[in-house]
1. So which residues in the stretch 90-99 are more than 12 Å from the ligand (Cβ to nearest atom) and aliphatic (A, V, I, L, M)?
2. Take residues that are closer than 24 Å to Leu180 by Cα and of a type in the set (Asp, Glu) and tell me which of the strands (runs of 3 or more DSSP E) falling wholly in the stretch 1-118 contain 3 or more.
3. Return the residues of the stretch 74-89 that are crowded, with 16+ Cβ neighbours inside 10 Å, within 16 Å of the ligand (Cβ to nearest atom) and not β-branched (Val, Ile, Thr); say none if nothing qualifies.
4. Looking only at the stretch 162-174, count how many residues are assigned to a strand (DSSP E or B) and within 13 Å of the ligand (Cβ to nearest atom).
5. Does Gly212 qualify as being under 30 Å from Thr252 (Cα atoms) and of a type outside the set (A, V, I, L, M, F, W, C)?
6. Are any residues in the stretch 57-73 among the aromatic types (Phe, Trp, Tyr) and either crowded, with 24+ Cβ neighbours inside 10 Å or more than 15 Å from the ligand (Cβ to nearest atom) (or both), and if so, which ones?
7. If Gly50 meets every condition in (1) on the phi > 0 side of the Ramachandran plot; (2) under 33 Å from the mean Cα position of the chain (by Cα) apart from one, which number is that one?
8. Restricting the search to the stretch 302-326, which residues are out of contact with any Asp or Glu (no Cβ under 8 Å at 6 or more places or on another chain), in a helix (DSSP H, G or I) and touching a residue at least 12 places away in the same chain (Cβ under 8 Å)?
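The values are calculated or read from the model by the stated rules, or taken from the named source; none is laboratory data. Every value quoted in this text rests on a predicted model; they were computed, and no experiment measured them. As a convention, Cβ positions derive from the backbone with ideal geometry for all residues, glycine included, and neighbour counts pool all protein chains shown.
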Amino acid sequence: MPAHETAVVRSAEAAANGTHGDAAMMRRASFGLATVLAAELHARTGGVAGRAVVLLVGSGGNGGDALWAGAFLARRGVAVTAVLLVPDRAHPAGLAALLRSGGRVGTEVLGADLVVDGIVGLSARGPLRPAAAALVDQVRSPVVAVDSPSGVDPDTGVSDGPAVSAAVTVTFGGLKPVHLLNAGACGRTVVVDMPFALPPARLGALSRTDVGALWPVPGAADDKYTQGVVGVVAGSATYPGAAVLCTGAAVTATSGMVRYAGSGREAVLARFPEVVAVDEVADAGRVQAWVAGPGLGTGAHALGVLRHVLDSDVPVLLDADAITVVGEHPELLERPAPTLLTPHAGEFARLTGSAPTADRVASVRAASAELGVTLLLKGATTIVADRDGRVLVNPATTSWVSTAGAGDLLSGLVGALLAAGLDPLHAAAAGAHVHVLAAELAAVSAGTGAPVSASPVLEHLRAAVRTVRGDVWEDQRR
Ligand SMILES: NC(=O)C1=CN([C@@H]2O[C@H](COP(=O)(O)OP(=O)(O)OC[C@H]3O[C@@H](n4cnc5c(N)ncnc54)[C@H](O)[C@@H]3O)[C@@H](O)[C@H]2O)[C@@H](O)CC1
């Protein structure tokens, strides 16, 4: 699922406007919008004719879309009222079409079955101006946003003031960053097909089917070594649980083999006898990827362990304490093999010297290029940036995974994918997807959502892998 920055979309639109004409482009977009609005009215009220829709209309193309869609709905018997933010600057052809179709201009926002947010779209800049913010404040009905919820920056997903919270967002020609970065404000996003092609995107998200297709499973000729062996160095006397959770996630993620080195050896073996466990990392044996850091500590022992794994020629994932240590010893990151770091915001600040800015994608992209590593920034929306500027995000659906120990699971999960041969960008994004899904499955396994902790999330990792592989598996068997 690629998402394109507004400047890229605007230039593709401008070229298509030259070929098809602005008016035809807007009618096409707004017909798609009207179709979604009618379906939404039907789903919510059982019908379309006789229902009430209020259009919030700004002075740009976004308002024009809303007016044209209102005209289509009015012809189907919907009572459509347009509330015009700047009456003498409303899109003239759209307003004329609405009035011709039986719609009207008014000021009342309350009482609608649906509100259409056409205040601002892709040209929105900065917080909403006071009149627009006051209009948004009056909304009590479910909102369908045109292109982007007003008050939320379409390129960063950030809102600095009052903003629309939409049930559905209808966008044109392809996703924009806001749809991935602030999925909470967009609700369900629907893309209306448009007659323009977009270049390859630098930002995107993996769909559930993408993750299923990437997930490594043994082939007919595989043995335990060919599937990739992951080595885990985690846990300490203070944090023995981190060793169990991190190693357990690695055991669960793939079918190959997991090696463990550290003071949590006995605790790990008690829970996962299939792990090959030793006390010292130097005795661990050959692996195809290392995971180091959860609960490891930040002292001389941790530094020695990190020197050992980073000196290897295989991919290394560093999490938690390991990030703090390399923050103090950045020279450790200078290595030819891939390195993936998975900080939360505090660790990101320790690593780079400053906290991520509101434009989290820009912050992570810059730090990844600067440090020459792949970076996964944890948060409600997970952002993964590769050194070449490509970014994959895992949009926030729920926050069930925000629980102590969940980070230990994520590092084990992603490390196993690295050992299986996925590149760091895709390993991190696929792991993040399954991690969140496992938490959701754990929370709702008994029906209604209930609080979860890391252990039940670990127990639901296999169910999550089965869920993402569902479609792919059916395809393969056909
Ligand atoms: N071919 C095209 O160009 C198409 C464009 N379409 C629509 O056109 C929109 C872009 O149209 P425009 O460039 O006119 O831009 P917008 O409609 O996004 O916004 C421009 C208007 O919003 C005002 N504005 C900007 N920031 C504001 C703020 N913070 N608070 C209050 N008002 C603010 C501006 O003064 C201007 O009047 C897209 O989002 C899309 O919905 C669609 O019709 C599809 C086809």
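1. First, the residues of the stretch 90-99 that are more than 12 Å from the ligand (Cβ to nearest atom): 92, 95-99.
Leu95, Ala96, Ala97, Leu98, Leu99, listed by residue number.
2. Working: elements: 52-57, 79-84, 114-118.
Filter on the stretch 1-118 gives an empty set.
3. Selection gives Ala82, Leu84, Leu85.
4. Within the stretch 162-174, the subset assigned to a strand (DSSP E or B) is 168-172.
Okay, now just the ones that are also within 13 Å of the ligand (Cβ to nearest atom), so 169-172.
Residues in the stretch 162-174 being assigned to a strand (DSSP E or B) and within 13 Å of the ligand (Cβ to nearest atom): 4 in total.
5. yes
6. Keep residues of the stretch 57-73 that are among the aromatic types (Phe, Trp, Tyr), which gives 68, 72.
Hit for the stretch 57-73 is Trp68, nothing else.
7. (2)
8. First, the residues of the stretch 302-326 that are out of contact with any Asp or Glu (no Cβ under 8 Å at 6 or more places or on another chain): 303-318, 321-322, 325-326.
Now narrow it down to the ones that are in a helix (DSSP H, G or I): 303-310, 321-322, 325-326.
Leu303, Val305, Leu306, Arg307, His308, Val309, Leu310, Asp321, Ala322, Val325, Val326 - these are the residues of the stretch 302-326 that are out of contact with any Asp or Glu (no Cβ under 8 Å at 6 or more places or on another chain), in a helix (DSSP H, G or I) and touching a residue at least 12 places away in the same chain (Cβ under 8 Å).
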